[in-house]
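Read through the structure below, which is laid out as structure tokens, and then see the notes.
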Amino acid sequence: MKNYKIVLTFFLLWLTIQFDSEAENVFAYVSILTLGLLHGANDIKLLTQKETTQKTSSYKILAGYVAFVLCVGVLFYILPVLALTVFVVISGFHFGEEHLHDTYKKESALLPYCYTSYGMLILFLIFYFNTAATSSIIYDITSYTLTNTFFLVGVGITGVSTLIFSLLLFKHKKKEVSYLEEFVYILVFIVLFKMANLLWSFAIYFVIWHAIPSLSGQIRFLYGNTSMTSVVKYLKSSFLYWLLSIAGVFSLYFYLQDDLYLFNAIFFAFLATITFPHVWVITGMKSKK
Ligand SMILES: CC1=C(/C=C/C(C)=C/C=C/C(C)=C/C=O)C(C)(C)CCC1
């Protein structure tokens, strides 16, 4: 079933050719707000599961989580360049971890660097092929304008470092992994990011290559399998948090609908505030497997 991602990616690429940029934005928001948000909506439950042996109450965990999210929000307000840089690096680690956690055996200290390089390579490719839109959102968050060359240098550095880490980790590679396959994936992403607009490029990678595999890993971790019953249990336990996040995004939209770039900027900052604790929870979950 590994190739369902490539089949879905090609289907969505075909869809991209049929529709204009407005429609791509609608598809992007719908997929990010449904499957994308859902894969982070069970963080509190995963945290509670992790902490039950230490007898920390669920309320304390919830309060800690909300306080952390608020702190990240404040960091975006007072030190936006630092917050955005840390967000992109941590997101790179998180995307790379999801994509590569079955590629190498767990023992090497170089693994986190390899995950980060690979994930940041994907992000820089998205930014490079969609420079104008990426730059305006980054400008709204930080007041700095980044150029096409900046993103190209980013692609170069993360591409070379991913290659170096893959070579250094070669002896830790699992037998069944093929580097050729990974290389083909990168080529497919390049075509995709070139053809689709910013939000749709990000959404296809985020949902198909990150959120769906992560959801299935979380369901297996919580309930032992990915049967229909387990999926329904997962949906039930995440529904309230998902609904709260959706309500937050919609309120923001009604407040800012005249300024869509500002909405996009705050939307990504919002995604970042829930991403920081999410990465911590998921890395903890993966180390327990
Ligand atoms: C696409 C994009 C950005 C980065 C988004 C990232 C890095 C999202 C990461 C989300 C994660 C990791 C979610 C949780 O699983 C920027 C820099 C805001 C600029 C505008 C376009």
Under a plain spin-label model, where a point goes 7 Å from the Cα along Cα-to-Cβ, how far apart in nm are Met195 and Asn148?
2.1
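Stick to Cα atoms and the Kirkwood definition of Rh, then tell me Rg/Rh for the chain.
Values: Rg = 18.8 Å, Rh = 19.9 Å.
For the chain, the value is 0.94.
For the range 4-288, what's the relative contact order in percent, using C-alpha pairs closer than 8 Å and at least 6 residues apart? Intermediate values should be presented prior to the final figure.
Values: 261 pairs, mean separation 94.0, N = 285.
Reported as a whole number, the value is 33 percent.
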In terms of the charge dipole of the chain, which places +1 on Lys and Arg and -1 on Asp and Glu at the beta carbon, the residue among Ser135, Tyr179, Tyr104 farthest towards the positive end is Tyr104
Taking a point 7 angstrom from the Cα of Ile6 along the C-beta vector, which residues in the range 180-200 have backbone N less than 16 Å away?
180-192
Residue of Tyr77, Tyr144, Tyr255 that the Gaussian network model of the chain assigns the largest fluctuation, springs spanning Cα pairs under 10 Å:
Tyr255
Under the Kirkwood approximation for Rh and a Cα-based Rg, what ratio Rg/Rh is obtained for the range 123-189?
1.12
What dipole magnitude, in Debye to the nearest 20, does the chain give about its Cα centre under +1 on Lys/Arg Cβ and -1 on Asp/Glu Cβ?
1400
Could you point to the residue in Ile266, Ala63, Gly119 farthest towards the positive end of the chain's charge dipole, with +1 and -1 charges on the Cβ of Lys/Arg and Asp/Glu respectively?
Ala63
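For the chain, what is the mean residue ellipticity at 222 nm derived from helices alone (per DSSP H run of n ≥ 4: -39500 (n - 2.57); sum divided by total residues; nearest 500 deg cm²/dmol)?
On the way: 13 runs with 223 residues, N = 289.
Helix-only estimate at 222 nm: -26000 deg cm²/dmol.
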Listed residue pairs exceeding 28 Å between alpha carbons, taken from Lys173/Lys236; Lys5/Lys194; Lys60/Lys236
Lys173/Lys236
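Using 0.36 nm per residue, how much length does the chain from Ser227 to Leu168 gain when fully extended, once their Cα-Cα distance is taken away? Spell out each step's value before the answer.
Details: separation 59, 0.36 × 59 = 21.24 nm, distance 3.82 nm.
Gain on extension, Ser227 to Leu168, equals 17.4 nm.
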HN-Hα couplings for the range 65-71 via Karplus (6.51, -1.76, 1.60; θ = phi - 60°), in whole Hz with x for Gly/Pro, come out as 4, 4, 4, 4, 4, 4, 4
Most mobile of Tyr241, Tyr139, Tyr59 per a Gaussian network model of the chain (Cα springs, under 10 Å)?
Tyr59
Placing each pseudo-label 7 Å from Cα in the direction of the beta carbon, Tyr253 and Ser178 end up separated by a distance in nanometres of 4.1
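Every number here is computed from the coordinates shown, using simple stated rules; none is lab data. Here the structure is a predicted model, which means the values were calculated and not measured. Using ideal geometry, Cβ is built from the backbone for each residue, glycine included, and neighbour counts are taken over all protein chains shown.
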